[in-house]
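Any read-out appearing in this document is the output of simple, stated calculations on the displayed coordinates, not a laboratory observation. Because the structure is predicted, anything quoted here is derived from the model rather than measured. Because the Cβ atoms are built from the backbone with ideal geometry, glycine has one as well, and the counts that use them run over all protein chains shown.
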Amino acid sequence: MHPGTLHFISGRLAAGKTTLARKLATEHNAVFFCEDLWLSQLSDGITSFQDYLKWSARCRIVMAPLIVDTLKAGASVVLDFAGNRITDRAWVLNLSQEAKAPHLLHFLDVDEEECLRRLQTRNEQKPEGLYFASTTEEEFRIICGYFQPPKAEEGLNIVSIRPQP
């Protein structure tokens, strides 16, 4: 049996990662793992970036063997989580290697100002699964400060996407 493909996404806050992840899951008939939904259901409340890092690490401990087993069973997986730092992407690459499965990093190349406009809309609509009710511009700028665009030198198969505003 051939392993499935591991799809994951990188892009600034409000770039459209969840929308793309859901689309990919449908297109590839893949198992969808949404970190925000896990965090909103399992955490005891996330009120800071440090809380997010703590709860994200806990979720990943549980998710990792499920993702690897799913890929080994031949199903593709779409990870909807912020693959925005080198260490995050290395974690996903390790899962791909452990499952001996191919991977694709879908990079949403959206500039900060467009993401900020999208964030304002998201704050008004409050979609399901967000662990913060809304994000301020100051928080947006702080979070974007952690963003590291992906590079091929990381050993990644990158598909760059430049959506229209």
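Scan the stretch 57-87 for residues that are assigned to a helix (DSSP H, G or I) and touching a residue at least 60 places away in the same chain (Cβ under 8 Å) and jot them down.
Hits for the stretch 57-87 are Ile67, Thr70, Leu71, Lys72, Ile86.
Output the residues belonging to the stretch 25-46 that are part of a loop (DSSP other than H, G, I, E, B), in contact (Cβ under 8 Å) with a residue 12 or more places away in the chain and either over 24 Å from Asp69 (Cβ atoms) or of a type in the set (Ser, Thr, Tyr) (or both). Of everything in the stretch 25-46, those that are part of a loop (DSSP other than H, G, I, E, B), in contact (Cβ under 8 Å) with a residue 12 or more places away in the chain and either over 24 Å from Asp69 (Cβ atoms) or of a type in the set (Ser, Thr, Tyr) (or both) turn out to be Ser43, Ile46. No other residue among Lys54, Lys72, Lys23, Lys17 is among the basic types (Lys, Arg) and buried (at least 19 other Cβ atoms within 10 Å of the Cβ) apart from Lys17.
Evaluate the following for Arg22: is it assigned to a helix (DSSP H, G or I), within 20 Å of Gly145 (Cα to Cα) and of a type outside the set (Phe, Trp, Tyr)? In short, no.
Among the numbered conditions (1) under 10 Å from the mean Cα position of the chain (by Cα); (2) more than 25 Å from Glu154 (Cβ to Cβ); (3) of a type in the set (A, V, I, L, M), the only one that Ile46 does not meet is (1). Inspect all residues belonging to the stretch 83-95 and state whether any of them is more than 16 Å from the chain's Cα centre (by Cα) and surrounded by 13 or more Cβ atoms within 10 Å (Cβ to Cβ). No; the residues of the stretch 83-95 include none that is more than 16 Å from the chain's Cα centre (by Cα) and surrounded by 13 or more Cβ atoms within 10 Å (Cβ to Cβ). Condition check for Leu104 on (1) crowded, with 21+ Cβ neighbours inside 10 Å; (2) among the hydrophobic types (A, V, I, L, M, F, W, C); (3) not in a helix (DSSP H, G or I): one failure, at (1).
Scan the stretch 89-106 for residues that are of a type in the set (D, E, K, R) and without any contact (Cβ under 8 Å) to a residue 60 or more places away in the chain and jot them down. If you could, list the steps in order and put the result at the bottom.
Residues of the stretch 89-106 of a type in the set (D, E, K, R): 89, 98, 100.
Residue satisfying the conditions is Glu98 alone.
Residue pairs whose Cβ atoms lie under 6 Å apart, sitting 6 or more positions apart in sequence or on different chains, and linking a residue in the stretch 1-17 that is closer than 16 Å to Ala30 by Cα to a partner that is of a type in the set (Lys, Arg) and surrounded by 24 or more Cβ atoms within 10 Å (Cβ to Cβ), are Ile9/Lys17.
When Phe8 is tested against the conditions (1) surrounded by fewer than 21 Cβ atoms within 10 Å (Cβ to Cβ); (2) among the aromatic types (Phe, Trp, Tyr); (3) under 11 Å from the mean Cα position of the chain (by Cα), the lone failure is (1).
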